[in-house]
Amino acid sequence: MVDLARKKEMRFFPRVDFHSLFRYQLRGKPDFANAVSSDISCGGLRFTVDKFIPTFVPVMLEINVLNRVLRPIGRVAWSMPLAHSNRNQMGIEFVEFNMLEKNYLKDFVDMHLS
């Protein structure tokens, strides 16, 4: 039996809990939508929404991190329906990110990991 408390995080980018309202826009759509994130890393963001968004769809993001708005471009890396609901949990992988904003996010994540 695997002891989950001792299981080492194998992700390239470690996640930190991050419950914050953010805005996203699917590429080609005129409007932004709002969602609340579950966690964040330097590589992406996880959240839950009321609709299905297929994988590989490009997404423009506006994420409030402390006193700064980060605007990476991502893509839906995975999407999973939640049991007994019509909600979907999904992961966005950051594919384009301003280097200054990315470094700011890295400092934020590192601060929460230590």
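The values are calculated or read from the model by the stated rules, or taken from the named source; none is laboratory data. Values in this document were obtained by computation on a predicted structure and should not be read as measured data. Here the Cβ positions follow ideal geometry from the backbone for every residue, glycine too, while neighbour counts run over all protein chains shown.
Annotations
- The combined condition, being surrounded by fewer than 16 Cβ atoms within 10 Å (Cβ to Cβ), among the acidic types (Asp, Glu) and touching a His at 6+ places or on another chain (Cβ under 9 Å), is fulfilled by Asp17.
- First in region 12-25 and farther than 14 Å from Phe108 by Cα and among the hydrophobic types (A, V, I, L, M, F, W, C), second anywhere and in a loop (DSSP other than H, G, I, E, B) and modelled with pLDDT of 95 or more, Cβ under 7 Å, 6 or more apart: Phe12/Gly43
- For region 21-76, taking the residues that are surrounded by fewer than 16 Cβ atoms within 10 Å (Cβ to Cβ) and of a type in the set (Phe, Trp, Tyr), the one that is nearest to Phe97 (Cα to Cα) is identified as Phe56.
- Residue in region 81-90 that is within 19 Å of Phe12 (Cβ to Cβ) and surrounded by 12 or more Cβ atoms within 10 Å (Cβ to Cβ) present: yes
- Among the residues of region 53-100, the one identified as in contact (Cβ under 8 Å) with a residue 40 or more places away in the chain and of a type in the set (Phe, Trp, Tyr) is Phe94.
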